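Take a look at the structure set out below.
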Amino acid sequence: MRIVVYGIVQGVGFRPTVHRVAKSMGLKGYVLNNGSNVEILVDRDADEFLRRLRKELPALARIDRAEVEECEGDYQDFTIVRSREGRKVSLIPADTAICGKCADDFHRDGDKRHMFPFTNCTECGARFTIITDVPFDRERTSMSKFKMCRSCSEEYESPDDRRFHAQTISCPDCGPRYELRDLDGSIISGDPFEEFARRIDEGQVGILKGWGGMHIVCALTSSPRLRRIYRRGDKPYAVMTKDLESAKRYARINESEEAILRSPQRPIVLLQRKEEMKSVLAGVAPSLGNVGIMLPYSAAHMLMFKHLETDAVIMTSANPPGEPMVIENSKAYDLGLDCYLLHDRKIVHRCDDSVVKPRGDDLCFIRKSRGYVPLPLPANHDKTVIGVGAQWDVTGSITRNREIFVTQYIGESQQHPTLRYLGDAIHHLSGLLGVEEVDAIALDKHPRYSTRIMAKRLAKEFKCQSIEVQHYHAHAASLMIDRGIQEPIVCLAWDGTGYGDDGSSWGGETLVADFAEYSRACTLQGIPLLGGDRAVVNPKRVVTAIQLITGSEPTLVTPEEADVYSKMMPNSVKATSMGRVLDAVSCILDICCKRTYEGEPAIKLEKWLDTGDICEDFEVEFGTSDGVEYAKTIPMFEKLLEMKAASDSRKADLAASFVGSLVTALTDRACDIAESKGLATVGLSGGVSFSNPVTSWVEEAVRRRGLTFASHQRVPNGDGGISVGQNAIAGRLLG
């Protein structure tokens, strides 16, 4: 019987497992990776073989379907046959953390991989970041330059060894090597990891090259110096701790959060900071109630901590501000740091750390990248579409065989190197998937988004049409794909900014949407953005606009500035953005009046929303303009300004009362709309939904009305999910 298996069957120890199961049953035949699937031939008992195979699958493998047919053949044994080229429809494996058995090898005295920083096996290690093509064989990875020594060859060829056919197998005799260098590229003598750790403990800032990119590393106490060097304002840094027990010193961790931290994907997890660690982490995550923590996911990380005196270090992506992470050794020195721990294995494709935020037993992806890509989601159409995302937190997406594959996190596309990276990522993924013909390129409607440049290039390259997709329609569609929803929904699409159909800046929208169309049912009162994008980074301008509208005296700017702003008011673009509302609340309450990173005022507001009580009555009135309802926020702000002046000590309660009242009122209106149209689901998408208090208020209001609440679980809430929504809409419009 010939068995053709589809799923995650490459680079995860699948063929060795097939061989082991077949041999244990005394079967004869072969297993073959042909680039599109894995083909297995057994001389008998195919059903029992498949049952046992499913039971003994490697941790990272997945069988989506298996096709069985009769065939002829005469074999004397069961063998693994050399891979051959085929149509590329198999799934590409993601990078995963070092497994427990390899960690044991790493720590065991006398083992040949004792303290070897590239220890891995068929079930762990780099995959996506080192693969050049499928099938996943050594010659198609950046391990091809490292010839296996005799000992590794024996393990590779032994069916009884767990590194049997491990394509990335190596050891200290034949594998990649680390060297420690200084700023001018000179080799620093001594054990590279021991010397690197000593320098980090002493306060230096260094580079550590990993599997899919490079990290800037320094002690927690060195964060002020790192901020001066790196020019990142108050943007929080990720922390890597030595182990789980160390992580528990810095943050409160429940069982579900522990499981995420220890998962093979090893993301950065946003956790509640312990109050006693407030001063220790003050420079790591300024003015925040949480901290992003990850555990070591490679032998190199474990080796670093073996020599470090501290149990936690800052680990942040090594990239110039706004540009992609560095992956080439020669480019690392451009960052101008103290020391560089680099290895000689090429990184084929960079992949940033994933960032997740738990919400109860669920989690949402702030950044979906290492460990999770490029595993697909079910698509809503059978076309081949490429989505290029929006402007910030960009990802690309490609559909093939009714599945949506999403690239790793790309970044802010207005920088040319990042835009080029988006193109490289899309081409790399389409090559791995064997995509040669494309039906359409999907892009955002904003006329100035730089991703439109990439969309035009791709449309010309593939000789296909391009389809513009409205930003908030894409948010709604991304949520529908995430939750497998096919029928129309009412979606609260809330973020900082997006191009509206009327040319204004949207961001507080209530949409009735399916994959083909949408209507704007409710929004927020427009607030002038004094100076356009300058108001986005300076919330004082938003607050000043509110004060000028109400006729009150501007309190956050000089009289001269107020006079200039009053003259700008009539010609300023208006924003109906929930993100700008949260920024204004944050600024009025003296929480954050300057944005040094994306979403900062709203992010810093969250801990106050979390601890405050909704104890003040902020009545929310609605009006109508051009047939669209809107919540009148200006009277609410007028009241907030008065109450803040009277009592500056109750900012948590004032913040929660204002935002909670507005969110609940908008959600109730969304439920009214859903009921009037016979719809069962009210969803929440967009960057504002990263706020746990906001999401909880929406969920409570929806469930109170007996409707179904939908929030993100698999697709990023923010603009990292836009390419998915673009893809879904364009594919449906193609018919």
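Please treat every number below as a calculation from the coordinates, not as lab data. These figures come from a predicted structure and were not determined experimentally. Every residue, glycine as well, gets a Cβ built from its backbone with ideal geometry; the counts of neighbours run over all protein chains shown.
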- Item | Order of His427, His446, His416, His215 - criterion: other Cβ atoms within 10 Å of each residue's Cβ, fewest first | His416, His427, His446, His215
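Report the percentage of all Cα-Cα pairs in the stretch 492-675 whose separation exceeds 24 Å, rounded to a whole percent.
35 percent
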- Note on the structure: The set of residues whose placed amide H lies less than 5 Å from the amide H of Asp64, leaving out same-chain residues fewer than 5 positions away, is Tyr6, Gly7, Ile8
- the stretch 168-198 scanned against label point 7 Å out from Ser151 along Cα→C-beta; backbone N under 16 Å for 169-177
- Item | Vicinal HN-Hα couplings computed from phi for the stretch 615-622 (Karplus, 6.51 cos²θ - 1.76 cosθ + 1.60; Hz; Gly/Pro x) | 10, 10, 8, 9, 5, 10, 9, 10
- Task: Pull out the extension gain between Arg705 and Ser330, defined as 0.36 nm times the separation in residues minus the alpha carbon to alpha carbon distance; nm, one decimal.
- Result: 129.1 nm
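Counting pairs of alpha carbon atoms under 8 Å apart in space and at least six apart in sequence, what relative contact order in percent does the stretch 348-502 give?
18 percent.
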- Whole-number percent relative contact order across the chain, with pairs defined as alpha carbons under 8 Å at least 6 apart: 12 percent
- Task: List, in the order given, every pair from Lys368/Lys456; Lys209/Lys248; Lys357/Lys456 whose Cα-Cα distance in the structure shown is over 28 Å.
- Result: Lys357/Lys456
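With the contact rule set at Cα under 8 Å and sequence spacing of 6 or more, what percent relative contact order holds for the stretch 172-303?
Numbers: 155 pairs, mean separation 28.4, N = 132.
Contact order relative to length: 22 percent.
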- Message: At 25 °C and a viscosity of 0.890 mPa s, what translational diffusion coefficient does Stokes-Einstein give for the stretch 2-81, taking Rh as the Kirkwood radius over Cα pairs? Give it in µm²/s as a whole number.
- Response: 199 µm²/s
- Message: Can you compute the equivalent ellipsoid semi-axes for the stretch 178-356, i.e. the square root of 5 times each eigenvalue of the Cα gyration tensor, sorted largest first and rounded to whole Å?
- Response: 25, 17, 16
- Task: Going by C-beta contacts inside 10 Å, put His107, His19 in order with the fewest on the left.
- Result: His107, His19
- Message: Using a 10 Å cut-off around each Cβ, can you sort Leu422, Leu341, Leu50, Leu295 from fewest to most neighbouring Cβ atoms?
- Response: Leu50, Leu295, Leu422, Leu341
- Item | Viscosity 1.002 mPa s, 20 °C: Kirkwood-radius Stokes-Einstein D of the stretch 403-513 over Cα pairs, µm²/s | 138 µm²/s
- Task: Report, in order of residue number, the helices in the chain meeting two criteria: a C-alpha extent of 20 Å or more along the helix axis, and a mean Kyte-Doolittle hydropathy of at least 0.0; treat each whole DSSP H run as one helix.
- Result: 416-433, 651-676
- FRET efficiency (Arg54, Arg2; Cβ distance; R0 22 Å; to 0.05) is 0.80
- Distance between modelled label sites at Glu561 and Phe622, nm, 7 Å Cα→Cβ extension: 3.7 nm
- Query: Around Glu403, which amide H atoms from residues at least 5 apart in sequence, or from another chain, sit under 5 Å from its own amide H, with H modelled in the peptide plane?
  - Reply: Ala379
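Sort 483-489, 469-475, 553-559 for me by packing, meaning the mean count of neighbouring Cβ atoms within 10 Å per residue, highest on top.
Per-residue Cβ counts within 10 Å, averaged per peptide and sorted highest first, yield 469-475, 483-489, 553-559.
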- If the label point sits 7 Å along Cα→Cβ of Met25, residues of the stretch 51-69 with amide N under 19 Å come out as 51-59, 61-69
- Evaluate the distance, in nm, between pseudo-label points positioned 7 Å from the Cα of Lys463 and of Thr611 along their respective Cα→Cβ axes. 6.3 nm
- Task: Could you tell me which label, among (i) 217; (ii) 168; (iii) 160, carries the value of volume of the Cα convex hull per residue in Å³ calculated for this structure?
- Result: (ii)
- Summing +1 for each Lys or Arg and -1 for each Asp or Glu, what net charge is found among the other residues whose Cβ lies under 11 Å from the Cβ of Gly687? -4
- Item | Rule-of-thumb Rg ratio for the stretch 622-735 [Cα; 2.2 N^0.38 Å; N residues] | 1.29
- Contour minus Cα-Cα span, Met277 to Gln486, at 0.36 nm per residue, comes to 70.6 nm
- Item | Alpha carbon Rg of the stretch 541-583, scaled by the compact-globule rule 2.2 N^0.38 Å | 1.13
- Can you give the FRET efficiency for Glu202 and His416, using 1/(1 + (r/R0)^6), R0 = 60 Å, r = Cβ-Cβ distance, to the nearest 0.05? 0.95
